[in-house]
Structure formats: structure tokens, C-alpha cells
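Below is one structure, written out as C-alpha cells, with a few remarks after it.
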Amino acid sequence: MKTIGVFYGSETGTTADVARRIAKELGVADADVHDVDKLSPTRLGDYDVLVLGSSTWGAGEISQSWYDFIAGAQSLALQGKQIAVFGCGDETMSDTFCDAVGEIYDALKDTGAEMIGRFNGDGYDYSSSKAERDGSFVGLVLDEVNHPDMTDGRIKAWTDQIKREIA
Ligand SMILES: Cc1cc2nc3c(=O)[nH]c(=O)nc-3n(C[C@H](O)[C@H](O)[C@H](O)COP(=O)(O)O)c2cc1C
């Protein structure tokens, strides 16, 4: 059975909460849910499957705590691992909706890991997102500000898909 680690960066706790909800759906223990702030990127080596989450801040930027961690992650040997990305944003920031998901995806897509967890969800309303490629998202995007009612269903659909992809 593959080991799964959930790693998140969160400014006000929203993505931290979502990370725990995703972990619960995937059967991941609390000890394997990590805040990337002050964590060594080498901890990624502990797992077969890496589920990585960030909120979007500024004008489409990743959560502050991700910067050093992602740079460290790029220098690791991630071949053979599977990576899924998720994030929280706000659709009213319509030109940069959940851009951090696309940023993290792009930072790690050439590391030799298999990128999994593309998401075809509907019900989104925004103009532009770096997370969107060719009509679908490169990971799970959530809007806990405007559509918290949709989060459970989206998490369930996405984690079911992750389970199939890592089987
Ligand atoms: C100053 C500021 C800038 C933000 N910029 C964006 C943005 O560019 N795109 C987006 O989708 N959401 C943006 N958001 C919304 C946050 O990503 C959203 O509130 C998220 O749920 C926060 O999650 P966190 O508590 O885990 O950091 C911004 C929020 C604030 C307060």
C-alpha cells in the first residue's frame, strides 16, 4: 500500500482545514498532514504520494510558506512519486483564481514525478486561472469564501479520483 503525505501552506487556516478534510477522505493520519512552514522539504521523501495544497495571495501568488519549501523540493529526486495539487482561493479575484495551484504544478511537473489529480469540476465562475489548462484544472480548486457548500462534494469527487489513480 502506498504511503500518502499531505502538505499545505495556509495564511489564515482555510487551507489547513481543507488539508485535514482531504486527509480524512484519503485515510491519512493526522501525523502525516504537514504545515510546510519551517518544515524541511526532505520530508517529501517519506511518502509515495504527495498531496500539496496552497491558498492564493497577493495577485496570484503561492502562500508565503511555500516559497522556500518548493525551491527545496525542486532539488530532490522525486522520480517514482505521484503528486496531486489542491488550493483555496476566491472567485471574486477573478483574474488570478487559485493561481497557486498552477504555480505549484508548474514548479514540480518536470521533477520526474507523475502529476495526478486533474479536476473537471463545474460550477466555477472566474475569468482566468493559472490552474486551468485545456479546459480542466491541474488540481482541485476550492472557494471557501463564496461556495463553502460545494467543498465537501468537490473533495469527495477529487479524493475518489486520487484513490483510483494511485491504486
Ligand atoms: C490580500 C488577499 C489577496 C488574495 N488574492 C487572491 C488571488 O489572487 N486569487 C485567489 O483565488 N484568491 C485570493 N485570495 C483569497 C484567499 O486565497 C482565500 O481567502 C483563501 O481561502 C485563504 O486561505 P488560507 O487561509 O489557507 O490562506 C486573497 C485573499 C486576500 C486577503
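Quick notes on this one:
- Separation of the range 22-87 and the range 96-167, taken as the distance between their Cα centroids, equals 14 angstrom.
- Using a cutoff of 8 angstrom between alpha carbon atoms and counting only pairs six or more residues apart, the relative contact order for the range 88-146 works out to 51 percent.
- Extreme residue, positive dipole direction of the chain, given options G27, L108, M150 (C-beta unit charges): G27
- Portion, in percent, of the accessible area of the chain that falls on carbon or sulfur, probe 1.4 Å: 46
- With protein chains left intact and a 1.4 Å probe, residues in the chain average 46 Å² of accessible area per residue.
- Computed with the Debye formula from one identical point scatterer per Cα of the range 106-156, without solvent, the log10 of I(q)/I(0) at q = 0.14, 0.18, 0.30 Å⁻¹ comes to -0.41, -0.65, -1.29.
- Alpha carbon convex hull of the range 4-166, volume per residue in cubic angstrom: 99
- Length-normalised contact order for the range 24-124 - Cα pairs under 8 Å, 6+ apart - percent: 30
- Coupling constants for the range 153-167 follow from the phi torsions by the Karplus curve (6.51 cos²θ - 1.76 cosθ + 1.60, θ = phi - 60°), and in residue order they are x, 5, 4, 4, 4, 6, 5, 4, 5, 4, 4, 5, 6, 9, 5 Hz; glycine and proline get x.
- Taking all protein chains together and rolling a 1.4 Å probe, E11 ends up with roughly 90 Å² accessible.
- For the range 4-166, the antiparallel share of DSSP beta bridges with both residues in that region comes to about 20%.
- Among H147, H34, the order of accessible area from largest down is H147, H34, computed with a 1.4 Å probe on protein heavy atoms.
- Residue-averaged [θ]222 nm for the chain, counting only DSSP H segments that reach four residues, each worth -39500 (n - 2.57): -9000 deg cm²/dmol
- Note on D99: accessible area is roughly 10 Å² with a 1.4 Å probe, heavy atoms of protein only.
- Close lysine pairs were tallied over the chain: pairs 8 or more places apart or on different chains with Cα atoms under 21 Å apart number 12.
The values are calculated or read from the model by the stated rules, or taken from the named source; none is laboratory data. Quick caveat, the model's predicted, so the values are computed rather than measured. Heads up, the Cβs are rebuilt from the backbone with ideal geometry, glycines too, and the neighbour counts pull from every protein chain shown. Accessible surface areas use protein heavy atoms only, side chains included; no ligands, DNA or RNA. Shrake-Rupley method; radii C 1.70, N 1.55, O 1.52, S 1.80 Å.
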